[in-house]
Amino acid sequence: MTDTSAPDDPVAASDEDAATIGADYEALLAEAEQVLDDVDHALARLDDGTYGTCELCGGPIDPGRLAGHPAARSCERHPQLTDPATGPA
Ligand SMILES: [Zn+2]
């Protein structure tokens with residue numbers, strides 16, 4: 001009564017696939033850690049009452065910007081604090 005319906009040769013990832021998956025995983029992990037760091041930072045700023053203000057100029061961050069990037073650290077004039085990967089256009 002042994003169930004033998006399971007494939008006896010499951011699709012095995014090649015070393016190349018494994019390397020690609022590993023690189024993707026590392027990139028995703030780094031991105032997730034960055035997001036967690038940003039969220040922690042935003043929560044700290046909520047606690048100290050500075051959430052929603054630019055860390056560089058102290059001005060208010062546009063609500064639309066916060067809607068798109070709730071953990072934004074800077075206003076639209078100083079996007080480098082929020083989007084280090086994309087930067088200014
Ligand atoms: Zn600013």
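What follows draws every value from the coordinates through simple rules; no lab data is involved. Since the model is a prediction, treat every value here as computed from it, not as a measurement. Reconstructed Cβ throughout: ideal geometry from the backbone, glycine too, with neighbour counts over all protein chains shown.
Pull up all non-local amide H partners of Tyr51: gap of 5 or more, or a different chain, and H-to-H distance under 5 Å with H placed in the peptide plane.
Placed amide hydrogens put Leu46 under 5 Å from Tyr51.
Please rank Asp38, Asp48, Asp62, Asp17, fewest neighbouring Cβ atoms within 10 Å first, as an exposure proxy.
So the ranking, lowest neighbour count to highest, is Asp48, Asp17, Asp62, Asp38.
Cβ neighbours within 10 Å, averaged per peptide: list 20-31, 69-80 in order, most packed at the top. Could you put the intermediate results ahead of the total?
Numbers: 20-31: 10.3, 69-80: 16.8.
Top of the packing list down: 69-80, 20-31.
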